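In what follows, a single structure is set out as structure tokens and then discussed.
The values are calculated or read from the model by the stated rules, or taken from the named source; none is laboratory data. Since we're looking at a predicted model, the values are computed, not measured. When we count neighbours, we look across all protein chains shown, and the Cβ atoms used for this are built from the backbone with ideal geometry, even at glycine.
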Amino acid sequence: MKGRNAKYQDKKANMLIHENSPYLLQHAYNPVDWHPWTEKAFSKAKKEKKPVFLSIGYSTCHWCHVMEKESFENEDVARLMNENFISIKVDREERPDIDSIYMTVCQALTGRGGWPLTIIMTPDKEPFIATTYIPKESRPGLTGMMDFIPLVGKMWNEQRDELVANANEIINALSSQKHENAKDELDIDLLERTYQQLKENFDSNNAGFGNAPKFPTPHYLTFLLRYWKRNKDPQALEMVERTLQAMRKGGIYDHVGHGFHRYSTDQYWLAPHFEKMLYDQALLAIAYTEAYHATKKPEYKKIAEEIFTYAIRDMRADNGGFFSAEDADSEGEEGKFYTWTESELSQILDQNEFRLIKNIFNTKAEGNFFDEGSQRITGTNILHLKLSIEEFAIKYGKDTPSLKEELERIREKLFAVRNKRIHPLKDDKIMTDWNGLMIAALSKASRAFNNDYYREVASETADFIVSTMIKDDGILYHRFREEEVSFKAFLEDYVFLIWGLIELYQTDFDNKYLKTALELNHELVKHFWDIENNGFFHTRDDSEKLIFRNKEVYDGATPSGNSVAALNLLQLGRITSDPKLEEMARKTMNSFSREISGMGIGYTQLMSALDFATGPSTEIVIVGKRDQQDKEDIISCINEHYIPNKVVIFKSVEEENTDLFSDGFSDMEMKDGKTTVHICQNYNCDLPLNDKEKIHVQLEKL
């Protein structure tokens, strides 16, 4: 029986035992009579005339674990829930459509959101109460489950008509708001306003943006790099570099095993929530790769490489796909796998090594990890830097290369010991959208670092996703686990995978990746496009009908589907010389103009698309033979340059490309039998070049 272990040997399973989500299986032996999201569950609610208790979370969510332990495993709470509700559990990573709808409701009603997300709704799926984590017992300012459940039950029995009417009003208001028609033209001035908002929100003391909790938000940084490229404003680049350096020094970075934790609970980047998400690794790798590309500072390359080391070592399946996440908790404690007592460190390391680690990574005998749940110092340490290794070497008169070598030997010792600990749970779902982000990250790094291995990994991942997640009818799917492919793909699945395939095409110029990207884009437009108001819906036109069809553009932990779709359309339009795709990108951006115009900081990925659309942007067409040696030299020369608003196309003189490329490139030919580059900007092309130095000079001007 799936999901069973010794802990639950004598417990009865609920309906979640038949699911294939690691998160749902975690709750399969709760005494709560959980149901998965099915029409059968809602029919039961109607038959028994009960409201629905909807709980949405994900397998590596710390506070989801806390609420389960406090409430969902408690017999008294479970009894109350079973008496008063039909209870439904949803994995937000499997069903982002459900999560998106009800998170919108929660934010509208309470002004905030988060997970676990708790919704009380009618049997017709219409919500009338929305909140997040609820403790078992009431505390000042927060009603606990033992009081909350009877209170809701009393309201349902005595004020049902009023609750249903309120639920209808909520849905009608949100639905009409989501379908407002806004088509004002976004202009270049919005880029400047967005930059000024980022400057105002920048933490000049600790780097990053805003106060605690502090999130990485990589699309802030990639937008700022484009702004710097456009305006040569040194402050834009300074904000990027200081933030990237502060994150790498902080406890949000895993100094022993590499990779980034989800976010920092404080403003100093010290104490993270320890879960590791695949999307964070991919997006942060992109930010560090682009920073290296822009500055040529090797420290950013090294950090990106360390992220990939972690992801490929710990998050990659044998089939080539990448798993979703690793938990924050192990052995019932958040961060236990990642933190150290000084006693442990002194036993593992010799005296000199221990002294070095204590000084560099700022450990304390009493510990430095303050657990926000228990509100106490745990006695353990989160390794973090206050000075970079280079700064530490200068301050204490040490040789930097020797110090780095010694620290690497110590890191390997600690990693070997830590690897014997009980590991956090790994959520081994393979999801199309997040794998698309990793394909994009690996492809960008392959070009920037001239690293063929990253291209090979990206290709293997893309081949697995395309061959496994696209069915014979051309429909893309969202999730793979234990040989099961499930859930028709959502907007982010399409656009993140298309993004990855566009980047991969521009890395190895295999036409199959561009062809698949165009086919997926065709399906996207056919099934997701809002014909009346433009932009893309979150779900297909033939997907399960929820209380309204959502359409999002806010760039949160990951960029929004509409933001990435806009940039994809611009790039595909330039690659194929199809102005209809560029026009669709413009319509997508403008359809959200009312929402965006006053607060560009919430839409920085879309601002990167606007930056591309307003130009200058560049098309580089390489004409030659695939096996010609000078082709690789010229591609390497192009890849040396940080030109974010460009597309690169390879036209083979030996192949027919008419099914992918328009006649716009038909007159571009090789010159003197050599691989030749045609550089075009703002629809004007320079003279063809086949001399590497001349190409370099021309690219330097862009």
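Here are a few things to note about the model shown:
- Residue-level analysis places Leu80 outside the set of residues that are surrounded by 19 or more Cβ atoms within 10 Å (Cβ to Cβ), touching a helix residue (DSSP H, G or I) at 6+ places or on another chain (Cβ under 8 Å) and farther than 28 Å from Glu158 by Cβ.
- Those residues of region 598-628 which are closer than 18 Å to Asn201 by Cβ and not aliphatic (A, V, I, L, M), in sequence order: Gly598, Gly600, Gly602, Tyr603, Thr604, Gln605, Ser608
- Index of the failed condition, Gly144 passing every other in (1) surrounded by fewer than 17 Cβ atoms within 10 Å (Cβ to Cβ); (2) modelled with pLDDT under 95; (3) small (Gly, Ala, Ser): (2)
- Within region 142-164, at least one residue is of a type in the set (Phe, Trp, Tyr), in contact with a Pro (Cβ under 6 Å, 6 or more places away or on another chain) and not in a loop (DSSP other than H, G, I, E, B).
- Test: residue in region 239-256 that is in contact with a His (Cβ under 6 Å, 6 or more places away or on another chain), outside the structural domain of His384 (by TED's automatic domain parsing), within 17 Å of Glu326 (Cα to Cα) and not polar (S, T, N, Q): yes
- Some residue of region 213-221 being farther than 15 Å from Ala287 by Cα and under 20 Å from the mean Cα position of the chain (by Cα): yes
- Residues that are touching a residue at least 40 places away in the same chain (Cβ under 8 Å), within 22 Å of the chain's Cα centre (by Cα), crowded, with 20+ Cβ neighbours inside 10 Å and not assigned by TED's automatic domain parsing to the domain that holds Ala517 occur in region 645-663; there is at least one.
- In region 186-289, counting only helices (runs of 4 or more DSSP H) that sit wholly within it, the ones holding 3 or more residues that are among the aromatic types (Phe, Trp, Tyr) span 218-231.
- In region 666-680 there is no residue that is assigned to a loop (DSSP other than H, G, I, E, B) and either assigned by TED's automatic domain parsing to the domain that holds Thr516 or within 36 Å of the chain's Cα centre (by Cα) (or both).
Listed here are the residues, each with its yes/no results for (1) outside any loop (DSSP other than H, G, I, E, B); (2) at pLDDT below 95.
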position: Phe392; (1), (2): yes, yes
position: Arg409; (1), (2): yes, no
position: Glu412; (1), (2): yes, no
position: Phe415; (1), (2): yes, no
position: Asn435; (1), (2): yes, no
position: Tyr453; (1), (2): yes, no
position: Thr461; (1), (2): yes, no
position: Asp472; (1), (2): no, yes
position: His478; (1), (2): yes, no
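- His18 meets all of the listed conditions (1) modelled with pLDDT under 95; (2) surrounded by fewer than 20 Cβ atoms within 10 Å (Cβ to Cβ) but one, namely (1).
- Options Lys364, Lys358: the member that is of a type in the set (Lys, Arg), touching a strand residue (DSSP E or B) at 6+ places or on another chain (Cβ under 7 Å), free of Cβ contacts under 8 Å to residues at least 40 places away in the same chain and at negative phi: Lys364
- Listed here are the helices (runs of 4 or more DSSP H) enclosed by region 17-107 that have at least 2 residues being in contact (Cβ under 8 Å) with a residue 24 or more places away in the chain, assigned by TED's automatic domain parsing to the domain that holds Met155 and over 21 Å from Lys426 (Cα atoms): 39-48, 75-84.
- Out of Ser486, Ser467, one residue alone is modelled with pLDDT of 95 or more, in the same structural domain as His255 (by TED's automatic domain parsing) and either among the charged types (D, E, K, R) or in a strand (DSSP E or B) (or both). It is Ser486.
- One residue from Thr432, Thr380, Thr363, Thr400 being more than 30 Å from Tyr279 (Cβ to Cβ), buried (at least 18 other Cβ atoms within 10 Å of the Cβ) and polar (S, T, N, Q): Thr363
- Looking only at residues of region 297-343 that are β-branched (Val, Ile, Thr) and part of a helix (DSSP H, G or I), we find that the one that is surrounded by the most Cβ atoms within 10 Å (Cβ to Cβ) is Ile307.
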